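Q: Pasting in a structure now, in structure tokens, and then I'll have a few things to ask.
The values are calculated or read from the model by the stated rules, or taken from the named source; none is laboratory data. Given the structure is predicted, the values throughout are model-derived calculations rather than measurements. As a convention, Cβ positions derive from the backbone with ideal geometry for all residues, glycine included, and neighbour counts pool all protein chains shown.
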Amino acid sequence: MRRLAVLSTLLGLLVASPGVATPQGSRPPAAPSPAVAVHGGDLDCRQCHQGNHQGVVRMYLGMGGRGTPMIPSHMFQVRVQCVACHIAPKGDEGPAPLVAQTFRPTDQACVDCHGEKYRGMLRRWADTLGQMREILAPKLAAARVALAESGANPKQARARDLTNDAEYNIQFVVLGKGVHNVFYAADLLKLANGWLDEALPLLGKSPIKGNDALVRGGYCAVMCHSSLGVRQRETVTFQKRALPHVRHVTEFGAVCTACHSAETHKVVSATPATCTACHHSAQNDRCESCHRAQSDFYRGRVGATLVKMEPNPMAAAVGCTGCHDWSKKHSRRAVGEQCVGCHDAAYMSFFSEWTTGLDRLSAETTQAVKRAGVAVARQRRARHPVPEIEALLRQAQEALGLVQRTRGVHNPAGAEALLEVARQKADTAAAEAGKP
């Protein structure tokens, strides 16, 4: 129904009476556009342009591409007609009354309605879409070559469909002149990029390496936000948690449409599954950016005062993804199987001993700390608290908490030492608190 309503509105635009619709609250041009003066009172663009501009019309409507829903241009949604932007005569105005005249778009039309900050916006849109197509060109060429060489590959049909759809979108953006609906055009190119990256591995080829952040969804800031002075918020709230928004972009390389809808401006499309798919993917090897406590424990860099912490013997040679393979369902067994990749099968039993032994020791220590807590609380109620006993309990709680937060298996020797000290401190605190 929405599509039919939009099509009906477009038909109304094409047969509209003279005048140029402008966005609500914006400034109309100071004088009638040259297009109105030359064309007179008849603005039925279909008389000349329907046959040659159907691709442009479809682009403006936000339909006709592959893989994305209908995304009408913002200008179309506020009923802006062709002659609102096409105001610069393309050729000699002399014969125009006899043979008609073609008008080029100019960013002066943007400035007339939106102000000086929009000067250069049209060129920026065209340049950015051009850069995106340049990123896609070698990928498309490689996919075509791989298809020609694939022989009887059973995945060839799927790869061919992906490549054909990607090429269609690229050509549609060129022929439909993507600036007529710049974010729809960018979304079509983003989809083409993903399809080409999927097609090449199906044909036994590696995806083309390179910086494709722009075409993956980083185009929002380049096309509009940076020139309009839109400032990114340092932190945002998502699922009731504060997230480092700027850091995701500048440090982690996240692109706008990874979390925001490409179809609806400002809408957050991310879900908890979106976060997991990125952070816990096989390609993400920057675990320490979030799991710093575990990393510091693994590398012996925690500020433990009760024991001397040494790095895990594996820390100098094995990173996080050496043990955590996120291409598989995460479990203790899956982690243990990673050991066998470098060592012999006996390491599975070592890993089992580490985990079950630490589980048992942690449970025993937890109970000891709870008993000490009860005894100290009883002492507080009976008489004035004793600072020395309170300090023993606090030290035991801190040591136990450190092991629980960092997952003791990341450094078994350090975890055992901390748990042993915590249990000793807790037992001593309980005994002292129980004395009359």
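Q: Can you find a residue that is in contact with an Asp or Glu (Cβ under 8 Å, 6 or more places away or on another chain) and in a loop (DSSP other than H, G, I, E, B) anywhere in the range 311-321?
A: yes
Q: Any chance you could count how many residues in the range 324-362 are under 12 Å from Glu416 (Cα atoms) and either outside the structural domain of Gly414 (by TED's automatic domain parsing) or not polar (S, T, N, Q) (or both)?
A: The qualifying residues number 6.
Q: What are the residue pairs meeting all of these: first residue in the range 289-300, first residue at positive phi, second residue assigned to a helix (DSSP H, G or I) and modelled with pLDDT of 85 or more, Cβ atoms under 6 Å, and 6 or more apart or on different chains?
A: Listed pairs, sorted by first residue: none to list.
Q: So Thr106 passes all but one of these: (1) buried (at least 16 other Cβ atoms within 10 Å of the Cβ); (2) under 19 Å from Gly178 (Cβ atoms); (3) at pLDDT 75 or above. Which condition number does it fail?
A: The one condition Thr106 does not meet is (1).
Conditions tested, residue by residue: (1) under 18 Å from Lys209 (Cα atoms); (2) more than 24 Å from the chain's Cα centre (by Cα).
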{"site": "Leu136", "(1), (2)": "yes, no"}
{"site": "Ala142", "(1), (2)": "yes, yes"}
{"site": "Ala152", "(1), (2)": "no, yes"}
{"site": "Gln156", "(1), (2)": "no, yes"}
{"site": "Leu162", "(1), (2)": "no, no"}
{"site": "Ile170", "(1), (2)": "no, no"}
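Q: Looking only at the range 130-146, which residues are over 18 Å from Val174 (Cβ atoms) and surrounded by fewer than 19 Cβ atoms within 10 Å (Cβ to Cβ)? Quick ask: steps written out before the conclusion?
A: Kept after step one, since they are over 18 Å from Val174 (Cβ atoms), are these residues of the range 130-146: 142, 145-146.
Hit for the range 130-146 is Val145, nothing else.
Q: Oh, and also: So, in the range 60-80, exactly how many residues are at pLDDT below 85 and assigned to a helix (DSSP H, G or I)?
A: 4
Q: Do we find that Val340 is among the aliphatic types (A, V, I, L, M), part of a helix (DSSP H, G or I) and touching a His at 6+ places or on another chain (Cβ under 8 Å) in this structure?
A: The answer is no for Val340.
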